Structure formats: C-alpha cells, structure tokens
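The values are calculated or read from the model by the stated rules, or taken from the named source; none is laboratory data. Every value quoted in this text rests on a predicted model; they were computed, and no experiment measured them. Neighbour counts are summed over all protein chains in view; Cβ atoms, including those assigned to glycine, are modelled from backbone coordinates with ideal geometry. SASA here: full protein model, heavy atoms, side chains in, ligands and nucleic acids out. Shrake-Rupley method; radii C 1.70, N 1.55, O 1.52, S 1.80 Å.
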Amino acid sequence: MDSVLARDPGGPTARRTRTALLCAAAGVAMIAATVVLGGSASAGTTLGASAAEKGRYFGTAVAAYKLSDATYVGILNREFTMVTPENEMKWDATEPTQGQFTYSSADRIVSHAQANGMRVRGHALAWHSQQPGWAQNLSGAALRQAMVNHITQVATHYQGKIYAWDVVNEAYADSGGGRRDSNLQRTGDDWIEVAFRTARAADPGAKLCYNDYNTDNWTWAKTQGVYNMVKDFKARGVPIDCVGFQSHFNSGSPYPSNYRTTLQNFADLGVDVQITELDIEGSGSTQATTYGNVVRDCLAVARCTGITVWGIRDSDSWRASGTPLLFDAGGNKKPAYTAVLTELNAGGTSTPPPTTAAPTTPPPTTAPPTTPPPSTPPPTTPPPSGSGCTASVTLNQWQGGFVASIRVTAGASGLTGWTVGLTLPSDATVTNTWSAQPSGTSGALTFRNVDYNRQVAAGTSTEFGFQGTGTGPSAVPTCTAG
C-alpha cells in the first residue's frame, strides 16, 4: 500500500513466448491472461505455478537491497511470477534531482526478474507522497510539467518491459468519496487523466492501473469515488486498463464480506482488477482462512488477473509486528501459505461469481476504518550555509505505532553521501525502513543513503522513512555529509 510505505507502504521482463491459457471458474469459461512460469517449478507445487494454471500471476514486492539475502532470493525465485519494486521506481528514487534520472536500483530488480522468468509491475509513476524535495517545492503549471516529464522519462526507460504500471497511486481521500488534497490535485482536476494519457504515449504496451487502499468494501464512499472515476474514464476513452486494490487487512480494516462484489463491479466496467499489496495481519487458522477467502474471490472474478503480496517474509513487511505475510521470519511456510496454495489448486470452482449488478442508486457512504495515511511533507526549512546538511522529521503517530519521514537537505556544496543520526524513545522499535540503510532497530540509530539518493544538489532535499512500534521520535535528527 502504497503507502509512503508501501502503501503504500506508501516491474519488467524481456520479450518472451507467452501462452494463452483457457481456464474455468464456476463453470464459466474465460480466456486467461498471458502468463510466464518462473524457474522450473511444477504446477500445483508453488504459488506462481498454481496461479499460472488458472491464468493468473502470483507476485510479491521486492526491495533491491534484499537481493543479496539468499533465503529471500530463494523464496522469491521459487514461488513468484511477478515482482513489484517496493520503492525503487518511485519519484524520489528515480529523479532525485530535477531532470537527472537514476535507475540503478530499479534496474537491478528488473534484471533479476528477467533472468528468472518473472514479469514486473511498475510502481508508481505519480503519487503525492515520496516525492523528491524539489518536486514538493513546485506547484501549478511547473509541477504539472514536471509530472508529465517524469512519467514520460521513466515509462520510456522501461518501455516494453513492464506488465502494468500503477500510473496514479492513492489520489482519493479516506472519507467523503472525493479527491485527496495534494500538490498534484491542486494543479487541476484533470491531473489523473493527464497522467494516464502521458503513460500510454510513453509505454503503449503496458497495462495502465489506478491503485489505492481502503477501496475493498463496496459500500464505502472512497470505493464509490474511485468507481465513478473509472466509469467516467472508460466512457470518455481515457486509457485505463486496470484497478489495483491494496487490500491491507487487519482488525481495524478487516476483510469485507462484499469484497468479491467490489472486484466484480469494477471488472464489469471493462477493466482488469488486481490485488496489488496484499497483507493480512494475524496468525494461525484465522489468518489462513482470510487469505483463502481473498484468493477464492479473485479466482471467481474472470478479470481478476493476479495477486501480489507486499513482501515475502513477515520480517520483510512494513507491518512486521502484525506477522501479515505467507512466510515467517525464518522463511518457513505458514498456514496462510498452505491455504493460498490449496485455493489456487482448487481453482475456485466451488463458489460461483456474484451476480450483483453495478448500483443505479448511490450506496451507503460508510467511511472506511482509519488507516494511517502517508505523512505530509515537512515544512521547507532553509538549507545550511556550509557544505553540510540538515535533517528534519515528520511523524505520523497512532496508538501502538508510527511512521517517521526524514527530509535531508543539502548545504551550499551539495552532497555525495549522507548519514542521519536519531535516538528513539525507549519503547520504540523500527520494523521497516525505505530509501535508507539502517543501523540498529532501537535506541540510537543511524541511517545512511542508498545508491539512488546519495547525490543531493545544493539547497535541495531527499527523503527516507521508517515505520516502528511504540512512540515515534521527537528529537531533531543530526545529519553528516559524506
């Protein structure tokens, strides 16, 4: 989800032979999406191979720096046929300085996917969060042009290698059914349409998706807002091919009984639906049952083309404390894994897809449960006058957890590397970090740049972030150049 995390918690392959599969769901014939089997896995024994038998993909989010972890890579190569870069394709990672693009970390993920028979979902071209500092400081026509150029350059760089782009991420407000107030929204209400048309021109072979969270329940106002946008786009010929449902489920935002109805009603608009950032907090049989329900719902909707879980092991998750994934921290299969594989192999034939038609009158506008939104950018502060750097923190705190976004601002000479120091309260523990290399998980911490945000031009900024349990930091972080 995207998620500044991945919510977001706020990809690609070379051309290859593809096979069209014919599968049945609830006795209804459907032409399956083209699939590629990763590695040499036998159908029925791994997630990716079993999903491919049903004309679907089964994917995961991948962090480039974890590709040196043998256990992580072993599971990735064995189980998954689609990858989504967690942070490496976002705006701050690919264009840290305006007009200067860097793709090394994202290219590493793409190359790994190509070498192992996987496809890639591109995530994400336009998002109000995880923007580089220079973009945060733009507005109006200048920001609009910067967005168009960014989409054009990134999508062109990966042209022909991406299965589907999350063109726009999380553009709707958590309640009320309207657009989120953001710097991109303030450039004009047509910004989403412009983003999709720009992406189509740059990468005409990729599917173009809108991606969001808290759109799983058909009765929610946010779900209806997105539905109405997609319906309008299809009616006017705006190029939209798919809708992504992040589906981050926990006790505060549980799996809804009408989830399949939501997927089916969007599919009835003539778009594919994809579960893009699935994680389900919990353990044991309860978690396994919910995972099984989600897979069964996808298989019952002919245009539900695939499922992506947001991470591999529980320890890789942005919600690690909630143990929300299919493998435990040691890489062992959990009951949830078995439930998913069982449903994939069963083929979803026991339950027919719903026949609920799209409503002709507005449904109830129940607001979804509150999910911590991505942090807003911190206020602009003057850069240091010397050759050093400064750091500031923006905190999004909720009961039991937090997300901290750190902005690093270069001095007069710019940066070729940086280190940020920060001390956490005694009850706090870091569970996930993005766009930085962390040292430690509690107490006094240091965070160092990654490849794509090492260079920061004079007077400009870059950002990284981390999630944790307990109380977030309140002290001003230190920053050291070099």
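Only one entry in THR446, THR366 is at pLDDT below 90 and outside the structural domain of THR215 (by the TED database), namely THR366. The residues in the stretch 396-430 that are buried (at least 19 other Cβ atoms within 10 Å of the Cβ) and under 24 Å from ALA63 (Cβ atoms) can be counted, and the count is 16. Regarding the stretch 271-293, can at least one residue be identified that is over 20 Å from the mean Cα position of the chain (by Cα) and crowded, with 24+ Cβ neighbours inside 10 Å? Within the stretch 271-293, none of the residues are over 20 Å from the mean Cα position of the chain (by Cα) and crowded, with 24+ Cβ neighbours inside 10 Å. When SER50 is tested against the conditions (1) modelled with pLDDT of 95 or more; (2) among the hydroxyl-bearing types (Ser, Thr, Tyr); (3) closer than 24 Å to ASN453 by Cβ, the lone failure is (3).
Within the stretch 77-127, if we keep just the residues that are assigned to a loop (DSSP other than H, G, I, E, B) and of a type in the set (A, V, I, L, M), the residue that is farthest from THR433 (Cα to Cα) turns out to be MET118. When the criteria are applied in full, LEU143 fails the requirement of being crowded, with 20+ Cβ neighbours inside 10 Å and of a type in the set (A, V, I, L, M, F, W, C). Considering only residues in the stretch 170-193 that are of a type in the set (Gly, Ala, Ser) and under 18 Å from the mean Cα position of the chain (by Cα), the one that is most open to solvent (accessible area, probe 1.4 Å) turns out to be ALA173. All of ALA267, ALA195 fail the test of being over 18 Å from VAL168 (Cβ atoms) and either assigned by the TED database to the domain that holds ALA171 or not acidic (Asp, Glu) (or both), apart from ALA267. Is there a residue in the stretch 336-343 that is under 19 Å from ASP272 (Cα atoms), in the same structural domain as GLY176 (by the TED database) and modelled with pLDDT of 95 or more? No: the stretch 336-343 contains no residue that is under 19 Å from ASP272 (Cα atoms), in the same structural domain as GLY176 (by the TED database) and modelled with pLDDT of 95 or more. Any residue at all in the stretch 149-168 that's under 16 Å from PRO204 (Cβ atoms), part of a loop (DSSP other than H, G, I, E, B) and small (Gly, Ala, Ser)? Scanning the stretch 149-168, I find at least one residue that is under 16 Å from PRO204 (Cβ atoms), part of a loop (DSSP other than H, G, I, E, B) and small (Gly, Ala, Ser), so the answer is yes. What number of residues in the stretch 320-349 are part of a loop (DSSP other than H, G, I, E, B), open to solvent by less than 20 Å² (accessible area, probe 1.4 Å) and under 30 Å from GLY470 (Cβ atoms)? Number of matching residues: 4.
Helices (runs of 4 or more DSSP H) fully within the stretch 179-286 that include at least 1 residues being under 21 Å from ALA155 (Cα atoms) and in contact with a strand residue (DSSP E or B) (Cβ under 8 Å, 6 or more places away or on another chain): 191-202.
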